[in-house]
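Visitor: The structure follows.
The values are calculated or read from the model by the stated rules, or taken from the named source; none is laboratory data. Values in this document were obtained by computation on a predicted structure and should not be read as measured data. Cβ sites come from the backbone with ideal geometry, for glycine too, and all protein chains shown count toward neighbours. Each accessible area value is taken on the protein alone, full model and side chains, heavy atoms only, with ligands, DNA and RNA left out. Shrake-Rupley method; radii C 1.70, N 1.55, O 1.52, S 1.80 Å.
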Amino acid sequence: MGVNQLMAEIAGVGKDAKRGGYSRHVYDYADFELRDWFIDQALDTGLDVHTDRNGNIWAWWGSPGAGAVVTGSHLDSVPGGGAYDGPLGVASALAAVEILQGKGFEPARPLAVLVFAEEEGGRFGVPCLGSRLLTGAIDPDRARALRDADGVTLAEAAVKAGHDPKRFGADPESLARIGCFVELHVEQGRGLIETDSPIATGSSIIAHGRYRFSFSGQGNHAGATRLTDRHDPMLPAAAMIAAARRSAAAMPDARATVGRLVPTPGGTNVIASSVDLWLDARVAGTGRTAALVEDITAAALAAAEAEGCALTVTEESYSDDVVFDETLRGRMDKVLGGVPALPTGAGHDAGILAAHVPSGMLYVRNPTGISHAPDEFAEPADIDSGAAGLARVLEELAG
Ligand code: HGY
Ligand code: MN
Ligand code: MN
């Protein structure tokens, strides 16, 4: 089945009527539906499927073995996300295998399609959770205890999904099978709009981290409490958001975002007792993300003190700069015919794997340049070019 048909099959799964776009999170109903869809498609394509101890799904063409050429991405989304971020890489991987099977290609080495769990961290807050667990980049006890917005732990959600969370953790045997990893992904910026190429390879990913800022003050009555008697955590929270933009603007090509803010108790006529907000900070260069966060934290602390509030800052995840394997990218380039090589500010499982195995990315043009929002888009013709390009890359690597 062609990649556009595969994408059409899942277009209705996990639609978010309230936010728009899609909300598909690990071990929720949409995830179950997408996992079942992927497994059915993979079995129809003659692949052998198994789910590893960390909830990542492997679909093998040939028996699992060392030196495997692995491709894939993720099926989960951010809240209210687009249709392509993640699923396009999975559908393109399935379509690329079918293209190769259709031309009678026989891989000379094992080949697998891999679907990672919870790449966005949309439910449990840590991005690339499945690939971090696989590679040992996160402590399994910490992972098991991660809680979603309803207080459900990853361990509880995994049990409900039929997995055994006691098995979470580094999986050196599975990791050792990967000879190289290539992830196809919708482009999440304007990099390909300014060129006339429908596809590109990935050159690098800038460092990025997530930090939880918790301001606490004194809950109180919105009408009966004079301004002079207040310790309102919303004030330093607002100051921190403005400081994030100010600090990032002062640092070349830095990015700082607060997209999630949760006041407690959250009443219209109530002065909040505490406010949690999450900073997404990204800038290339060793130590520069830390410097950016320090700058923002200093301003947040000063604002908290001025309002008689307290502040704690917790780093929830961090990924260093990634430069994708030059040799692998050269081999991709050879068969793709000199397409652009794009740096990106978006994190990927390929970025986590890059510390362990030669990894690369193949981007498909997004004419809107918008991602993590319902407007994310890719033209069907460019999507076909992506799957065809991925098939050529897999043929080159597994031939
Ligand atoms: O947030 C990111 O960069 C990726 O989409 N997980
Ligand atoms: Mn994403
Ligand atoms: Mn993604």
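Visitor: Select, from Arg147, Arg123, the only residue that is surrounded by fewer than 17 Cβ atoms within 10 Å (Cβ to Cβ) and at negative phi.
Guide: Result of the check over Arg147, Arg123: Arg147.
Visitor: Separate question: List pairs: first residue in segment 345-359 and within 20 Å of Gln188 (Cα to Cα) and modelled with pLDDT of 95 or more, second residue open to solvent by 20 Å² or more (accessible area, probe 1.4 Å) and within 12 Å of ligand 2 (Cβ to nearest atom) anywhere in the structure, Cβ distance under 6 angstrom, at least six positions apart or on different chains.
Guide: Partner pairs satisfying both residue conditions: Ala346/Gln188; Gly347/His208.
Visitor: Given the criterion farther than 17 Å from Leu134 by Cα, away from ligand 2 (no atom under 13 Å from the Cβ), of a type outside the set (A, V, I, L, M, F, W, C) and touching a Phe, Trp or Tyr at 6+ places or on another chain (Cβ under 6 Å), identify the matching residue among Asp48, Asp44. Even if it seems obvious, please write down each step before you answer.
Guide: Values: Asp44 fails: touching a Phe, Trp or Tyr at 6+ places or on another chain (Cβ under 6 Å).
Within the list Asp48, Asp44, the selection yields Asp48.
Each row is one residue, and each column tells you yes or no for (1) outside the structural domain of Pro374 (by TED's automatic domain parsing); (2) within 16 Å of ligand 3 (Cβ to nearest atom); (3) free of Cβ contacts under 8 Å to residues at least 40 places away in the same chain; (4) part of a strand (DSSP E or B).
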residue	(1), (2), (3), (4)
Asp150	no, no, yes, no
His163	no, no, no, no
Leu184	no, yes, no, yes
Arg190	no, no, no, no
Thr195	no, no, no, no
Arg212	yes, no, no, yes
Phe215	yes, no, no, yes
Gly223	yes, no, no, no
Thr228	yes, no, yes, no
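Visitor: So, in segment 361-399, exactly how many residues are outside any helix (DSSP H, G or I), small (Gly, Ala, Ser) and under 20 Å from the mean Cα position of the chain (by Cα)? Spell out the reasoning first.
Guide: The initial filter retains those residues of segment 361-399 that are outside any helix (DSSP H, G or I), namely 361-379, 399.
Next, from what is left, pick out any that are small (Gly, Ala, Ser): 369, 371, 373, 378, 399.
From what's left, under 20 Å from the mean Cα position of the chain (by Cα): 369, 371, 373, 378.
Residues that pass the stated criteria total 4.
Visitor: Under 8 Å between Cβ atoms, which residue pairs at least 6 apart in sequence (or on different chains) link something in segment 286-303 that is in the same structural domain as Met240 (by TED's automatic domain parsing) with a partner that is of a type in the set (Ser, Thr, Tyr)?
Guide: Listed pairs, sorted by first residue: Thr289/Tyr318; Leu292/Ser247; Val293/Tyr211; Asp295/Ser247; Ile296/Ser247; Ala299/Ser247.
Visitor: Another question, if that's okay. Mind telling me which of the residues Phe38, Phe105 ends up being part of a loop (DSSP other than H, G, I, E, B) and modelled with pLDDT of 95 or more?
Guide: Phe105
Visitor: Quick check on my filter: what residues within segment 93-150 are aliphatic (A, V, I, L, M) and touching a Lys or Arg at 6+ places or on another chain (Cβ under 6 Å)?
Guide: Within segment 93-150, Ile138 is the sole residue that qualifies.
Visitor: Taking segment 62-100 on its own, how many of its residues are within 16 Å of ligand 1 (Cβ to nearest atom), among the hydroxyl-bearing types (Ser, Thr, Tyr) and not in a strand (DSSP E or B)?
Guide: Number satisfying all stated conditions: 2.
Visitor: Does Asp28 satisfy the condition of being open to solvent by 10 Å² or more (accessible area, probe 1.4 Å), farther than 15 Å from Pro374 by Cβ and without any contact (Cβ under 8 Å) to a residue 12 or more places away in the chain?
Guide: Numbers: open to solvent by 10 Å² or more (accessible area, probe 1.4 Å): yes; farther than 15 Å from Pro374 by Cβ: yes; without any contact (Cβ under 8 Å) to a residue 12 or more places away in the chain: no.
Here the answer is no, as Asp28 does not meet what is asked.
Visitor: Now a separate question. Got a number for residues in segment 167-182 being part of a strand (DSSP E or B) and surrounded by fewer than 21 Cβ atoms within 10 Å (Cβ to Cβ)?
Guide: If we filter segment 167-182 for residues that are part of a strand (DSSP E or B), which is where we start, we get 178-182.
This time we only want the ones that are surrounded by fewer than 21 Cβ atoms within 10 Å (Cβ to Cβ), so: 179.
So the count comes out to 1.
Visitor: Consider Ser317 against the criteria (1) farther than 24 Å from Val113 by Cα; (2) more than 16 Å from ligand 2 (Cβ to nearest atom); (3) hydroxyl-bearing (Ser, Thr, Tyr); (4) buried (at least 19 other Cβ atoms within 10 Å of the Cβ): it satisfies all of them except one. Which criterion is unmet?
Guide: So Ser317 meets the others, but not (2).
Visitor: For segment 330-338, does any single residue satisfy the condition of being assigned to a loop (DSSP other than H, G, I, E, B), open to solvent by less than 20 Å² (accessible area, probe 1.4 Å), touching a residue at least 40 places away in the same chain (Cβ under 8 Å) and in the same structural domain as Asp85 (by TED's automatic domain parsing)?
Guide: No, that holds for no residue.
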